[in-house]
Number of protein chains: 4
Amino acid sequence: MCRWIAYRGETIPLEQYVTAPAHSLVVQSQKALESTASTNGDGFGMGWYGEHPEPGLYREVRPAWSDENLRYLCRHIRSHLYFAHVRASTGTPITRPNCHPFACGQWLFMHNGLIGNWARLRRRVEALIPDSHYGSRVGTTDSEAVFLAILGAGGDKDPVGATSRVLATLTDLVTDDGHTEPLRFTAALANGRDLYAFRYSANDKANTLYYRESGDNVVIVSEPLDGERSHWKPVPPGHMIVAEAGSRVSCAPFLAEHRAAAE
Amino acid sequence: MCRWIAYRGETIPLEQYVTAPAHSLVVQSQKALESTASTNGDGFGMGWYGEHPEPGLYREVRPAWSDENLRYLCRHIRSHLYFAHVRASTGTPITRPNCHPFACGQWLFMHNGLIGNWARLRRRVEALIPDSHYGSRVGTTDSEAVFLAILGAGGDKDPVGATSRVLATLTDLVTDDGHTEPLRFTAALANGRDLYAFRYSANDKANTLYYRESGDNVVIVSEPLDGERSHWKPVPPGHMIVAEAGSRVSCAPFLAEHRAAAE
Amino acid sequence: MCRWIAYRGETIPLEQYVTAPAHSLVVQSQKALESTASTNGDGFGMGWYGEHPEPGLYREVRPAWSDENLRYLCRHIRSHLYFAHVRASTGTPITRPNCHPFACGQWLFMHNGLIGNWARLRRRVEALIPDSHYGSRVGTTDSEAVFLAILGAGGDKDPVGATSRVLATLTDLVTDDGHTEPLRFTAALANGRDLYAFRYSANDKANTLYYRESGDNVVIVSEPLDGERSHWKPVPPGHMIVAEAGSRVSCAPFLAEHRAAAE
Amino acid sequence: MCRWIAYRGETIPLEQYVTAPAHSLVVQSQKALESTASTNGDGFGMGWYGEHPEPGLYREVRPAWSDENLRYLCRHIRSHLYFAHVRASTGTPITRPNCHPFACGQWLFMHNGLIGNWARLRRRVEALIPDSHYGSRVGTTDSEAVFLAILGAGGDKDPVGATSRVLATLTDLVTDDGHTEPLRFTAALANGRDLYAFRYSANDKANTLYYRESGDNVVIVSEPLDGERSHWKPVPPGHMIVAEAGSRVSCAPFLAEHRAAAE
């Protein structure tokens, strides 16, 4: 049960959402309110887009709340699209490659959730990653495997379609063989121009997700960053946020047909 | 507001108090009950005595709860006298030399508490460390400075007397110049044979301390390690535990005359 | 190109081979003489057997030469069979789970060498790990995959046979498809009583290995620990050292038939 | 014996000097050519000026050569004035606060050199830091103490004068009492607009320093970053580089009168 934020809009310093708000992501690393894990101290990471064609990444195994580097970087790095994530491990080791966000080419991904019984299902999930993307697997998390499976399924060209296909397959996988494992997928995906966020689950409650719009700026968060809760709209379970360049931000059903078909 | 345990008795694996109990020190690192800091994730450390004349030390900046090395070491290292500490920093950096316990020659020391307004008083406290011991100052905490001041004041020969003298001086220091800064000192000191623990404060409430005896074994803790609270005797404020080799464990007043004189 | 030592014999402090000798493993971490990588600063690790049924493990991503914990632990931990390893990564990330030695049940393994073109062959090597052992894969190195493949091939009951079978398969794999990738395997395997070390390669020169016997004690090393080179016997390429409990240490051919058959 | 680079000029990505050149600072961290320490693997750091009034800082205890974060940051952070440093400790612990550069207000400082017999002289050097700056001492190095002494001596208003006064005092200190300790000071100081670099020593040879100008851009380095040695001008011992905003870069004697007077 991690906590994360994603931002797309005017170019701003990362601190505006990562360290400055009353209930900033860094505060949430020590005291989250809507998470089963009140401490998110198993490493953290940030990913951002700037002038370089590929995103920047800063990941660290120490807790976010005591990292001096994080404060300096949030103050100095400015971006029009960035991710930040504080981790509460569900079992995989605390290493930098297991910290979110994950980067591959121009894509960034981060995740709050899990694939239940990862030890048993891991091989089958890793088999969803095509050879073309398996070399990019540098860590051992379920999250990174799902990310590479999405890119391998054509996420590059059709992010929503590929995410749907992979999540449909995972939904089948966790209910296979008479087992019913939980699948929770509250995740964000971006390519430097477009930002997608998903709130989905199977066999369990979906992890919370909120967003706040103001003009063309959108912030998507695990839990509100301040007490003004009326500004933060909850994303319903089974829905996604699509914030594509040049279009209005929309909130739409995600995988509804698949779930309908399955029921 | 840190949490710690100290043990003296039969030779046992460190895990018996550090990782195994229901409310073990490692559990307290994530969820302490009697501490103002519910998370003690700013590094940790262990010190222990074995066959080598000087104590062993293992200190790390990551939180105790996710350190695999800690689990292995607690299982394999056996000792008749050991310390373990999880840290919630009161402002000094998260570095290994700032993690407790501190070692100097055959002495170990650890501390839960603080010297209020350390930035202002630091120089005067560091001036209490004689040149003979200043080379042993490898970190920047108030705790390490107090430890070296105690050794410099003759702690080697007369640990209780030297600790009293230094704490009396500190008590004067924090109430000097019309200022009234808090001083909290819940600390343990050992030399491989004898173990001393102190619960003292000036201008503030003293941090909690409990102990449990069974035969010649004694465990001294910031907060009870299990639900059987009747086994754990609170150490009253202004008291100390003396567990010297060949004598019975005793609980006696600490610095009472000094406080009486001051009032 | 890493450096390692393995010891079996009387119970001694780890420091006797890890930190004390003139050209100790820790010195080699900064200046190895017979290695293509003169610096082995990409993490290190130790594994040892004591009273607990499973081995102890201490692994760290920082270089061995500056780790104060390592010095304390080597002084205090005593063992009759231990491994120590300093790493020069061949590409996989610097994380604790990627540091050697690796532990699984009562087995320890460490490796100096590589499987050429790991990105291309990784999936096929990982496929050699049976499901029963795949849950123990916590890192991403070729070395850990080979270890788990050996255990999965019955290494538990027949360590030399299983290692031979897995290395024969790997030898075929690296020469498959018209490719000729190097395979270098200078490795140690132990279960707390028995110690095995191998020096093997295909399509490349084998990494160096030496040993020194004195009574029932045997030390096996990547390169001699002191200037008395006459004490250190080189293990010839394609040979192994077998040091089983209750038997004399022997040096015997390893995989010779397989190579003969292949030529 | 550390290695460093300082740059002032057009705004460029940090990678241009830190990671990209053939003999970049990161390459020097593993194989320096003109240093007594061939490995500079005891941590590293970068400081840079951007839009925020205070400089950014990224410091880490791991070696520069294996830090993925460093590569991402060097690619994404752009600056008109920046420092980078790889450390070979002369004895003080490997902690982030002991890594260079050091920041205080709008000033950055980094150093290659040492004050001989630091254990003996430390107290007297720390006494040069006025109370106003002692709260900024977060580490334990001689370098940080000299930096804060310079700022305390008026470095803010008169950087060259204050550096001269402090170095004159240090020169006296290291030759005091019949002792003759080495003092080596090859250092850089900046405030976001102006850049100063010094090559000085007493009782020892001065550590190397080179610079390269091109238009208004200047790069100052411990050793040349490429094989075109003709482009790199050596700074003579007892000289400094002054690169103030709006003036031409100049190389001038540093502390010559003091040395003349002393001889």
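When the test is whether a residue is in a strand (DSSP E or B) and modelled with pLDDT of 95 or more, B:Arg193 does not pass it.
The combined condition, being out of contact with any Phe, Trp or Tyr (no Cβ under 9 Å at 6 or more places or on another chain), at pLDDT below 95, open to solvent by 10 Å² or more (accessible area, probe 1.4 Å) and more than 24 Å from A:Phe185 (Cβ to Cβ), is not fulfilled by A:Glu15.
If you go through the range D:1-24 and keep only what is under 15 Å from D:Trp232 (Cα atoms) and in contact with a strand residue (DSSP E or B) (Cβ under 8 Å, 6 or more places away or on another chain), you end up with D:Trp4, D:Ile5, D:Ala6, D:Tyr7, D:Tyr17. The requirement of being touching a Pro at 6+ places or on another chain (Cβ under 7 Å) and at pLDDT 95 or above is satisfied by A:Ser201. All of D:Leu114, D:Leu57 fail the test of being open to solvent by less than 40 Å² (accessible area, probe 1.4 Å) and either within 14 Å of chain B (Cβ to nearest Cβ) or acidic (Asp, Glu) (or both), apart from D:Leu57. Across the range B:150-184, which residue is modelled with the lowest pLDDT among those that are under 19 Å from B:Ala256 (Cα atoms) and not in a helix (DSSP H, G or I)? The qualifying residue modelled with the lowest pLDDT is B:Thr175.
In the set (1) surrounded by fewer than 23 Cβ atoms within 10 Å (Cβ to Cβ); (2) in contact with a Phe, Trp or Tyr (Cβ under 6 Å, 6 or more places away or on another chain), D:Ala162 fails one condition alone, (2). Pick from the range C:25-50 the residues that are part of a helix (DSSP H, G or I) and buried (at least 23 other Cβ atoms within 10 Å of the Cβ): which of them is farthest from the other protein chains (Cβ to nearest Cβ)? Step by step, filter the range C:25-50, then rank; the result is C:Leu25. Any chance the range D:60-77 includes a residue that's closer than 19 Å to A:Leu70 by Cα, within 14 Å of chain B (Cβ to nearest Cβ), modelled with pLDDT of 95 or more and under 18 Å from the mean Cα position of the chain (by Cα)? Within the range D:60-77, one or more residues are closer than 19 Å to A:Leu70 by Cα, within 14 Å of chain B (Cβ to nearest Cβ), modelled with pLDDT of 95 or more and under 18 Å from the mean Cα position of the chain (by Cα).
Applying a threshold of 9 Å to beta carbon distances and a minimum spacing of six or more residues, or different chains, the list of pairs starting in the range A:126-141 at a residue that is of a type in the set (A, V, I, L, M) and ending at one that is in a loop (DSSP other than H, G, I, E, B) reads A:Ile129/A:Ser136; A:Ile129/A:Arg137; A:Val138/C:Thr92; A:Val138/C:Pro93; A:Val138/C:Thr140. Can you work out which of the residues in the range D:121-137 that are open to solvent by 60 Å² or more (accessible area, probe 1.4 Å) and facing chain B (nearest Cβ under 8 Å) is farthest from D:Asp156 (Cα to Cα)? Checking each candidate, the answer is D:Arg123. For the range A:78-94, what are the residues that are open to solvent by 10 Å² or more (accessible area, probe 1.4 Å) and polar (S, T, N, Q)? Matches in the range A:78-94: A:Ser89, A:Thr90, A:Thr92. The set of residues from the range C:166-215 being surrounded by fewer than 18 Cβ atoms within 10 Å (Cβ to Cβ), of a type in the set (S, T, N, Q) and closer than 25 Å to C:Trp48 by Cβ comprises just one member, C:Ser214. Residue count for the range D:171-185, restricted to those that are aliphatic (A, V, I, L, M), closer than 9 Å to D:Gly116 by Cβ and free of Cβ contacts under 8 Å to residues at least 60 places away in the same chain: 1.
Here B:Cys99 fulfils each of the conditions (1) within 13 Å of chain D (Cβ to nearest Cβ); (2) in contact with a helix residue (DSSP H, G or I) (Cβ under 9 Å, 6 or more places away or on another chain) apart from (2). Only a single item in (1) in a loop (DSSP other than H, G, I, E, B); (2) under 11 Å from the mean Cα position of the chain (by Cα) is not met by A:Glu144, and it is number (1). Being among the polar types (S, T, N, Q) and over 22 Å from B:Leu209 (Cα atoms) is the filter here, so list the residues in the range B:35-78 that pass it. Passing the criteria: B:Ser66, B:Asn69. Within the range B:78-89, being closer than 20 Å to A:Leu70 by Cα and either away from chain D (no Cβ under 14 Å) or aliphatic (A, V, I, L, M) (or both) holds for one residue alone: B:Ala88.
The values are calculated or read from the model by the stated rules, or taken from the named source; none is laboratory data. Just so it is clear, the model here is predicted, and its values are computed rather than measured. Cβ coordinates were reconstructed from backbone atoms using ideal geometry, including for glycine residues, and neighbour counts include every protein chain displayed. Remember, those area values only see protein heavy atoms, side chains included, never the ligands or the DNA or RNA. Shrake-Rupley method; radii C 1.70, N 1.55, O 1.52, S 1.80 Å.
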